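The values are calculated or read from the model by the stated rules, or taken from the named source; none is laboratory data. Here the structure is a predicted model, which is why all the values come from computation and not from measurement. Note that each Cβ is placed from the backbone with ideal geometry, even for glycine, and that neighbours are counted across all protein chains shown. Keep in mind that these areas ignore ligands, DNA and RNA; they rest on the heavy atoms of the full protein, side chains included. Shrake-Rupley method; radii C 1.70, N 1.55, O 1.52, S 1.80 Å.
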Amino acid sequence: MRIIAGHLRGRVLAAPPGLATRPTAERLRQAVFDMLWHADWHADSNGREWLAAQRVLDGFAGTGALGLEALSRGAAGATFIENDRAALAALRANIAACRMEERARVVAGDATRPPRATAPCGLVFLDPPYAEGLIPRAAAALMAAGWIAPGAVLVAEHAREEALGLDGWTPLATRTHGAGAVSILRLER
């Protein structure tokens, strides 16, 4: 697994042993960032300018591949929330290997029960275990804790047939990949 594009392109990322963490495939990450960069839903800027202005939240961070990819492509900063010890060790090692300690913050915790936010984020990645209903629970908890900014964009990786059930979010795009899918939504509040 590696960073696909940006100034960290080609940087190899560590993954924890075992099957508890399912890193987002490189091809799927490329599709996500292609959609974010080339989308026409950034009313007053292009996708690259929009991404550069965003604080990123990577909930269920695992290896941190999504958040680190965003940092590589110019995001302002990122917070990673993860509760698995092995994944936290890999995440911290990946942040250090990418020399992103000044732009990245790790929160050892559960995205469905997050601590109070220090700043709201305009781009949120949620990539929990599939088919456990964690995306709506995490989105609600993160909003209540102040992590999600008004008008934020949510990138949710989920099982292909899994209904997200996110009230107040407008779907912008969905792509399927094997048994999984990625949905991009915007918060309308």
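Values for this structure:
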read-out: Simple spin-label estimate for H38 and A52 in nanometres, 7 Å along Cα-Cβ; value: 2.0
read-out: Projected area, mean over directions - segment 1-145, Cα convex hull, nm²; value: 8.3
read-out: Per DSSP, loop trypsin sites (Lys or Arg not before Pro) in segment 79-161 with at most 10 further Cβ within 10 Å; value: R116
read-out: Accessible area of segment 87-165 belonging to carbon and sulfur atoms, whole % at 1.4 Å probe; value: 53
read-out: Sum of side-chain charges, T112 neighbourhood, beta-carbon under 14 Å (Lys, Arg +1; Asp, Glu -1); value: -3
read-out: For the chain: accessible area per residue (Å², 1.4 Å); value: 45
read-out: Probe 1.4 Å, all protein chains present, accessible-area order of E162, E188, E26, largest first; value: E188, E26, E162
read-out: HN-Hα J in Hz across segment 74-82 - Karplus 6.51, -1.76, 1.60, θ = phi - 60°, x for Gly and Pro; value: x, 4, 5, x, 8, 10, 10, 10, 8
read-out: Distance from segment 113-149 to segment 56-98 (C-alpha centre basis), Å; value: 15
read-out: For the chain, built as a Gaussian network whose Cα springs stay under 10 Å, the top-fluctuating residue of A145, A111, A163; value: A163
read-out: FRET efficiency for E132 and R2, using Cβ-Cβ distance with R0 set to 25 Å, rounded to 0.05; value: 0.35
read-out: Segment 19-175: relative contact order in percent, alpha carbon pairs under 8 Å with at least 6 residues between; value: 20
read-out: Segment A159-A179, length gained on full extension (0.36 nm per residue, minus Cα span); value: 6.6 nm
read-out: Average projected area [Cα convex hull, segment 72-155], square nanometres; value: 5.7
read-out: Share antiparallel - DSSP beta bridges, the chain, percent rounded to 5; value: 45
read-out: Distance (nanometres) between label positions extended 7 Å along Cα→Cβ at V12 and R116; value: 4.3
read-out: Cβ-Cβ FRET estimate between A31 and T170, R0 fixed at 22 Å, reported to 0.05; value: 0.65
read-out: Computed [θ] at 222 nm, deg cm²/dmol, the chain (DSSP H ≥ 4; -39,500 (n - 2.57); rounded to nearest 500); value: -8000 deg cm²/dmol
